[in-house]
Amino acid sequence: MSSPGIRVAWADAVLDSFERMAVTRWNQRAALVADISMCLVFVGLALVRRDAHLLAAVPTWIAGLLTFSLVEYGFHRWLFHGPEHAMERGHRRHHQDPAAIASLPFFLPPVFLLVLAALFTEVMPLTHAWLFTGGIAAGYLAYGQCHDWMHRTRFQHPIARRWAAHHHIHHHHPDHNFGVTSPLWDLVFGTYYVSKAVRRR
């Protein structure tokens with residue numbers, strides 16, 4: 001039987017390899033393909049079955065999207081800005097160099113989504129489980145793309161600039177604005193940044 005020290009060293013070696021993979025261009029491209037594919041696969045599987053009425057299917061997909069936005073907020077606030085570990089280190093590097101490449105290893109989100117879909121089939125009909133998972137997959141895809149756009153694009157439209165500014169503020173005030181795609185959960189949990197001038201008023 002292996003000792004605890006060997007088991008920890010093995011886990012550290014795996015996490016280190018994940019960290020190295022996360023900053024490569026090929027992994028970023030593979031992740032984009034995998035993320036888009038997962039969105040299409042889950043929604044496609046649900047549509048092929050044709051046993052969910054549109055009035056139920058659309059809210060189920062939207063519920064998955066909203067669920068991911070809460071997961072996005074929670075991971076960012078309590079995991080990426082939590083105790084030191086591989087994900088926290090990667091996120092700290094992102095704060096130091098916001099334009100640098102950083103994506104989860106391309107195979108991890110699909111694995112998590114497949115596990116989630118299997119769990120959801122235990123508590124809801126199969127088609128709705130796939131639609132709900134498809135909404136989560138779409139939320140994850142939107143998160144990754146929006147985050148990339150915010151750091152690589154100079155938006156001209158005032159609404160887009162204000163949307164991107166919400167995240168840029170987080171880089172100067174890391175205890176605020178944890179939502180990337182939306183400020184919804186920052187407003188709910190009281191972490192939405194309000195300037196001192198506005199607070200004084």
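The values are calculated or read from the model by the stated rules, or taken from the named source; none is laboratory data. Remember, predicted model here, so these are calculated numbers, not experimental data. Note: ideal-geometry Cβ built from the backbone for every residue, glycine included; neighbour counts use all protein chains shown. Accessible surface is based on the protein model in full, side chains and every heavy atom, while ligands, DNA and RNA are left aside. Shrake-Rupley method; radii C 1.70, N 1.55, O 1.52, S 1.80 Å.
Could you list all residues from the stretch 49-58 that are out of contact with any helix residue (DSSP H, G or I) (no Cβ under 9 Å at 6 or more places or on another chain) and in a helix (DSSP H, G or I)?
Of everything in the stretch 49-58, those that are out of contact with any helix residue (DSSP H, G or I) (no Cβ under 9 Å at 6 or more places or on another chain) and in a helix (DSSP H, G or I) turn out to be Leu54, Leu55.
Just wondering, is there one or more residues in the stretch 73-81 that are open to solvent by 30 Å² or more (accessible area, probe 1.4 Å), in a helix (DSSP H, G or I), under 30 Å from Leu126 (Cα atoms) and not basic (Lys, Arg)?
The answer is yes, given that some residue of the stretch 73-81 is open to solvent by 30 Å² or more (accessible area, probe 1.4 Å), in a helix (DSSP H, G or I), under 30 Å from Leu126 (Cα atoms) and not basic (Lys, Arg).
Just checking, which of His151, His171 is touching a residue at least 60 places away in the same chain (Cβ under 8 Å), surrounded by fewer than 19 Cβ atoms within 10 Å (Cβ to Cβ) and closer than 23 Å to Val23 by Cα?
None of the others qualify; the one that does is His171.
Within the stretch 154-167, track down each residue that is open to solvent by 60 Å² or more (accessible area, probe 1.4 Å) and over 14 Å from Tyr192 (Cβ atoms).
Arg154, Gln156, His157, Pro158, Ile159, Arg161, listed by residue number.
Within the stretch 125-135, identify whether any single residue is at pLDDT below 95 and either acidic (Asp, Glu) or under 23 Å from Asp186 (Cα atoms) (or both), and answer yes or no.
no
Give Ala99, Ala117 a once-over and let me know the one that is surrounded by fewer than 11 Cβ atoms within 10 Å (Cβ to Cβ) and touching a residue at least 24 places away in the same chain (Cβ under 8 Å).
Ala99
Here are Ala117, Ala164, Ala129: which of them is over 29 Å from Ala56 (Cβ atoms), assigned to a helix (DSSP H, G or I) and in contact with a helix residue (DSSP H, G or I) (Cβ under 7 Å, 6 or more places away or on another chain)?
Exactly one of Ala117, Ala164, Ala129 is over 29 Å from Ala56 (Cβ atoms), assigned to a helix (DSSP H, G or I) and in contact with a helix residue (DSSP H, G or I) (Cβ under 7 Å, 6 or more places away or on another chain), namely Ala164.
Looking at the structure I just gave you, is Glu88 in a helix (DSSP H, G or I), at pLDDT 90 or above, at negative phi and charged (D, E, K, R)?
no
For Thr181, all conditions in the list (1) within 30 Å of Leu54 (Cα to Cα); (2) in contact with an Asp or Glu (Cβ under 9 Å, 6 or more places away or on another chain); (3) outside any loop (DSSP other than H, G, I, E, B) hold save one; what is the number of the exception?
For Thr181, the exception is condition (3).
Within the stretch 188-195, identify whether any single residue is part of a helix (DSSP H, G or I) and modelled with pLDDT of 95 or more, and answer yes or no.
Scanning the stretch 188-195, I find at least one residue that is part of a helix (DSSP H, G or I) and modelled with pLDDT of 95 or more, so the answer is yes.
Just one of Leu40, Leu70 is in a helix (DSSP H, G or I) and open to solvent by 90 Å² or more (accessible area, probe 1.4 Å); which is it?
Answer to the check: Leu40.
For the stretch 80-138, what are the residues that are closer than 19 Å to Leu32 by Cβ and of a type in the set (Phe, Trp, Tyr)?
Phe106, Phe107, Phe112
What's the number of the only condition in (1) modelled with pLDDT of 95 or more; (2) of a type in the set (D, E, K, R); (3) assigned to a helix (DSSP H, G or I); (4) open to solvent by 50 Å² or more (accessible area, probe 1.4 Å) that Glu122 fails to meet?
(3)
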